[in-house]
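Quick notes on the structure that follows.
Here, each number is a calculation from the coordinates, and none is a lab measurement. Just so you know, these numbers come straight off a predicted model, no measurement behind them. Here Cβ is always computed from backbone atoms with ideal geometry, including for glycine, and neighbour counts include all displayed protein chains.
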Amino acid sequence: MKLYAHAAHLSIDTSPVLAEFGIRLSQLSAVIALLAVVGFGLARTTINPFDPSRASTLLTGGIFRITRNPLCLSLLLLLIAYAVRLGSWVEWLGPAFFAAYITRFQIIPEEKALAVKFGAAFLAYKSRTHRWI
């Protein structure tokens, strides 16, 4: 982070409160990602987001009760933690761009494929669980 901040001529906010908040968000991001990966592993289904047709199980328990896209949420939280830590408004463009891009080009197509594959079960899950949080 320091190398990027130096190259971009940004100063890292030295506020202990922001530093702690950024660290906690990073830790939360890691926990969410770990829970998602463990969920995929226990269900013995693909973690590959580029081929949802290979999914053998619709995951609705664990972290998937809170968010339909825990890995995307994890990455978003990490970008937010980074923006908080740097303390520059420009860094907030990253999380905003990521959320818009990943929703349009990954999540929506993936949801269409899962609706075809799992039908009513996916639609019921979709109706009770938010896309992000």
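Computed values, structure above
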item: Ranked list, fewest to most other Cβ atoms within 10 Å of each Cβ, for Arg68, Arg128; result: Arg128, Arg68
item: Over 18 Å [Cα-Cα, the chain], rounded percent; result: 59
item: Helical segments meeting 27 Å axial Cα length and Kyte-Doolittle -0.5 threshold in the chain (DSSP H); result: 16-43
item: Positive-pole candidate from Ala99, Leu71, Gly61, dipole of region 2-128, charges at beta carbon; result: Gly61
item: Given charges at beta-carbon only (K, R positive; D, E negative), |dipole| of region 31-133 in Debye; result: 300
item: The chain: relative contact order in percent, alpha carbon pairs under 8 Å with at least 6 residues between; result: 32
item: Filtered chymotrypsin sites (Phe, Trp or Tyr not before Pro), region 8-86: DSSP coil and at most 12 other beta carbons within 10 Å; result: Phe50
